[in-house]
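Enquirer: Pasting a structure below so you can have a look.
Read-outs throughout are calculated quantities, based only on the coordinates presented, and are distinct from any laboratory measurement. No experiment lies behind these values; they were computed from the predicted model shown. Neighbour counts run over all protein chains shown; Cβ positions are idealised from the backbone, glycine included.
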């Protein structure tokens, strides 16, 4: 126990002596949170719109007003012809073009269907999808108003099916709300795995390991002494991200904080063990960095943090079950946004515990073998 | 205090150590002399319990290394070839850290005591990375002895140091032996070997000879003649009958020749340990 403390304190001293590292440890996740929170926006606003309006009547007015609602579209160009609308999209002046044919009001009055030509910049499928959805929503609104007007006048009928949508947990679709659990997962992965792996490999690379091996320090004491400081740091950083998310972006913590901490602890334990495992495979610090990337990339892509798991091919959906961050993010989202408890989340916690236990076992087995030459 | 019995170790097809036996007594500075690649470090690693031998047994501080490596490790000090100090920690922090690994309860006292004993007190708050090579080596030695080990292993403690620093390192080594520790020092500096109480000459993983410097020289003198020939050219010297080795020295040539070689009229000189080593390796090849 004394030796573990001596090792851990030495590690802390070394981190503190480093002029850059402590600042990076605090700044990097904060910056990441702010960047992700503000830049990655799944709810588009102010899509530039070019319009050729041949009708210039009440119907086209209502449609344009509806499009401009909630800043969804921004009218940037009133084209002189239908061709000019497409040209505006070509030039990149607008990303969505709309052509309203002449005589809209008359057609609607006569009960005929009015065909609107819409051109969407499809270079970014995600953007196109959202723009289309926003367009449909606006057109539906206009339709509903026309039908409502008719129904009040005693003619026509209301549309038979009309959705009444309830978006749960994150009703305003705030990206930051969804991102913060993911960023906590990412920070916990990167920091623990990378810092642990680096600190052990550095010890080997600078040949300090030799003299530690000749001291009465046992292998498990060495691992614990190395891992403890980073456990504290990772937890501190995770709490910092949580606090920032709460105060800056208003992310709620609706469920139990204890459950949140338990999941984080289980996850960090596994990540630290993964760091030790990587350190036994890597000979140099550069190798350790790349080893960490190899471990962290699946975490980013398969955990559902950036790309929705439901959108992946079947094989990758199955692979995502092997990524512990997936379970962590499930628990974090569950506790923070949904406010559900242990009764719902226990399978994820169990998966985390199993994963961490397995990696811990592998890491200590490999470390023992490496030490006993 | 240290006893090795037919210790062998190979790395792949290379035989790094071949049935090495030796003994180091308490209060003795024992030198392990040999060129690079002779197996010095391998032997030290086996005796400190870091590496397992393929064959043979070793006892250190009364314990068999192979059976109780952890108890052995607690009783020895080991200064590795590379100065094993954390450059980003201060001198004091380095010493305290080491002392805590061995004797957590008395660590503070031990660290302070060794700071004084090694004259490191003025540097206690300096970063180890800012010390000169000589002072950093002093710190490395201080670390190895901070917990007052019964047995001390020093792997090439003077390599790369200037003559003054080397002298002071040797003083410290003898200081430890006087305290009662058994000290095993490896070196490839032949002149330094004179400072050891006893020596083993290691070459190609085998012990060629063991004894005091005087004994080794006597052994060499019994086997060969060590001569100085002023005014002779190297080529002439090498062409003479019974000459084992010849090299230029000042205005003449130094020779090692067979005892029975007919070389009259040349000046007999006292062999240095380097001469002894040259002769014995020549024989071994």
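Enquirer: Specify the angular offset, from 0 to 90 degrees and rounded to the nearest 10, of the alpha carbon long axis of helix A:285-302 from the longest principal axis of the alpha carbons in chain A.
Expert: Relative to chain A, helix A:285-302 is tipped by roughly 40 degrees.
Enquirer: Take peptide A:17-29, look around each residue's Cβ out to 10 angstrom, count Cβ atoms belonging to other protein chains, and average those counts. Intermediate values should be presented prior to the final figure.
Expert: Numbers: counts 8, 1, 0, 0, 0, 0, 0, 0, 0, 0, 0, 0, 0.
For this peptide, the per-residue mean of nearby foreign Cβ atoms is 1.
Enquirer: Using only Cα atoms, find the angle between the long axis of helix A:324-333 and the longest principal axis of chain A, and express it within 0 to 90 degrees, rounded to the nearest 10.
Expert: Taking the Cα atoms of chain A, the angle to A:324-333 is about 60 degrees.
Enquirer: While we're on this one: What ranking do A:329-342, B:140-153 get when scored by the average of other Cβ atoms within 10 Å per residue, highest first?
Expert: Values: A:329-342: 21.0, B:140-153: 23.6.
Final packing ranking: B:140-153, A:329-342.
Enquirer: On to the next question. What share of the DSSP beta bridges in the protein assembly as shown is antiparallel, in percent to the nearest 5?
Expert: Details: 39 of 67 bridges.
Expressed as a percentage, antiparallel bridges in the protein assembly as shown total about 60.
Enquirer: Could you give the nm distance between label points at residue B:228 and residue A:129, where each point is 7 Å from its Cα heading toward the beta carbon?
Expert: 9.2 nm
Enquirer: Another question, then. Run the helix sum for chain B: -39,500 (n - 2.57) per DSSP H stretch of 4+ residues, divided by residue count, reported at 222 nm to the nearest 500 deg cm²/dmol.
Expert: Working: 10 runs with 100 residues, N = 285.
Dividing the helical sum by the residues of chain B leaves -10500 deg cm²/dmol.
Enquirer: Which value, in Å³ per residue, describes the convex hull spanned by the Cα atoms of the protein assembly as shown? Can you show the working numbers first?
Expert: Values: hull volume 156.3 nm³, N = 658.
In the protein assembly as shown, the Cα hull volume divided by residue count equals 238 Å³.
Enquirer: Run the numbers for residue A:170 and residue A:117: contour at 0.36 nm per residue of separation, minus the present Cα-Cα distance, in nm. Provide the component values of the computation, followed by the final result.
Expert: Working: separation 53, 0.36 × 53 = 19.08 nm, distance 3.34 nm.
Full extension of this stretch gives 15.7 nm more.
Enquirer: So, one more: With a Förster radius of 60 Å, plug the Cβ-Cβ distance of residue B:260 and residue B:109 into 1/(1 + (r/R0)^6) and report the FRET value to the nearest 0.05. Could the numbers behind the result be given before it?
Expert: On the way: r = 63 Å, r/R0 = 1.05.
My answer for the efficiency is 0.40.
Enquirer: I would also like to ask the following. Round to the nearest 10 and give me the degree value, 0 to 90, for the angle of helix B:213-223's Cα axis relative to the longest principal axis of chain B.
Expert: Orientation of helix B:213-223: about 20 degrees from the principal axis.
Enquirer: Do you know the relative contact order of segment A:1-126, to the nearest whole percent, from alpha carbon pairs under 8 angstrom that are 6+ apart?
Expert: Working: 141 pairs, mean separation 29.6, N = 126.
Relative contact order for segment A:1-126 comes out at 23 percent.
Enquirer: Label points 7 Å out from Cα along the Cβ direction at residue B:244 and residue B:159: separation in nm?
Expert: 2.7 nm
Enquirer: Hey, another quick one. Quick one: go through segment A:187-210 and flag any residue whose amide nitrogen is under 20 Å from the point 7 Å out along the Cα-to-Cβ line of residue A:284.
Expert: Within reach of a label on residue A:284, which here means backbone N under 20 Å from a point 7 Å along Cα→Cβ, segment A:187-210 contributes A:194-210.
Enquirer: Also, I was wondering about something else. Where in segment A:215-239 does the amide nitrogen come within less than 13 Å of the point 7 Å from the Cα of residue A:261, taken along Cα to Cβ?
Expert: From segment A:215-239, the list is A:235-236, A:239.
Enquirer: Starting from the Cα-Cα distance between residue B:25 and residue B:54, subtract it from 0.36 nm times their residue separation and give me the gain in nm to one decimal. Could the numbers behind the result be given before it?
Expert: Working: separation 29, 0.36 × 29 = 10.44 nm, distance 2.48 nm.
Result for the pair: 8.0 nm of gain on full extension.
Enquirer: Further, regarding this structure: Based on the mean of other beta carbon atoms within 10 Å per residue, what is the order of A:362-370, A:143-151, most packed first?
Expert: Values: A:362-370: 15.8, A:143-151: 13.7.
For the peptides A:362-370, A:143-151, the packing ranking is A:362-370, A:143-151.
Enquirer: Among DSSP beta bridges whose residues both lie in segment B:2-211, state the antiparallel percentage, nearest 5. Provide the component values of the computation, followed by the final result.
Expert: Numbers: 20 of 38 bridges.
In segment B:2-211, DSSP labels about 55 percent of beta bridges as antiparallel.
Enquirer: Take peptides A:70-80, A:351-361 and line them up by average Cβ neighbours within 10 Å, highest first, as a rough protection proxy.
Expert: Details: A:70-80: 15.6, A:351-361: 17.9.
In descending order of packing, they fall as A:351-361, A:70-80.
Enquirer: Relative contact order for chain B: what percent, with Cα pairs under 8 Å and sequence separation of 6 or more? Working shown, then result.
Expert: On the way: 570 pairs, mean separation 59.0, N = 285.
Reported as a whole number, the value is 21 percent.
Enquirer: Averaged over its residues, how many other protein chain Cβ atoms are within 10 Å of peptide A:212-222's Cβ atoms? Display every interim value, and only then the final one.
Expert: Working: counts 4, 9, 18, 13, 13, 4, 2, 0, 0, 1, 0.
Partner-chain Cβ atoms within 10 Å, mean over residues of A:212-222: 6.
Enquirer: Let me ask you something else. Apply 1/(1 + (r/R0)^6) to the Cβ-Cβ distance of residue B:283 and residue B:64, taking R0 = 35 Å, and write down the FRET efficiency to the nearest 0.05.
Expert: Working: r = 34 Å, r/R0 = 0.96.
For residue B:283 and residue B:64, the calculated efficiency is 0.55.
Enquirer: Using alpha carbon centroids, what distance separates segment A:307-373 and segment B:1-31, in Å?
Expert: Centre-to-centre distance over Cα atoms comes out at 50 Å.
Enquirer: Sticking with the crude label model, points 7 Å out along Cα→Cβ, report the distance from residue A:21 to residue B:11 in nm, one decimal please.
Expert: 2.9 nm
Enquirer: Within 10 Å of each Cβ in peptide B:98-106, how many partner chain Cβ atoms are there on average? Round it to a whole number, please.
Expert: On the way: counts 5, 1, 7, 12, 5, 2, 5, 1, 0.
Partner-chain Cβ atoms within 10 Å, mean over residues of B:98-106: 4.
Enquirer: Let me have the 222 nm mean residue ellipticity of chain A computed from DSSP H runs of 4+ only, each contributing -39500 (n - 2.57), with the sum over all residues rounded to the nearest 500.
Expert: Values: 14 runs with 246 residues, N = 373.
Value at 222 nm, helices only: -22000 deg cm²/dmol.
Enquirer: Quick one: if the Förster radius is 45 Å, what FRET efficiency do residue A:317 and residue A:143 give, using the C-beta to C-beta distance and rounding to 0.05? Each step should come with its number before you reach the end.
Expert: On the way: r = 37 Å, r/R0 = 0.82.
The formula returns an efficiency of 0.75 here.
Enquirer: Give me the percent of DSSP beta bridges within segment A:47-152 that run antiparallel, rounded to the nearest 5.
Expert: Numbers: 4 of 14 bridges.
Among the beta bridges of segment A:47-152, antiparallel pairing accounts for roughly 30 percent.
Enquirer: Still on this structure, I have one more. Take the Cα atoms of segment B:216-284, build their convex hull, and give its volume per residue in Å³.
Expert: Convex hull volume per residue, Cα atoms: 81 Å³.
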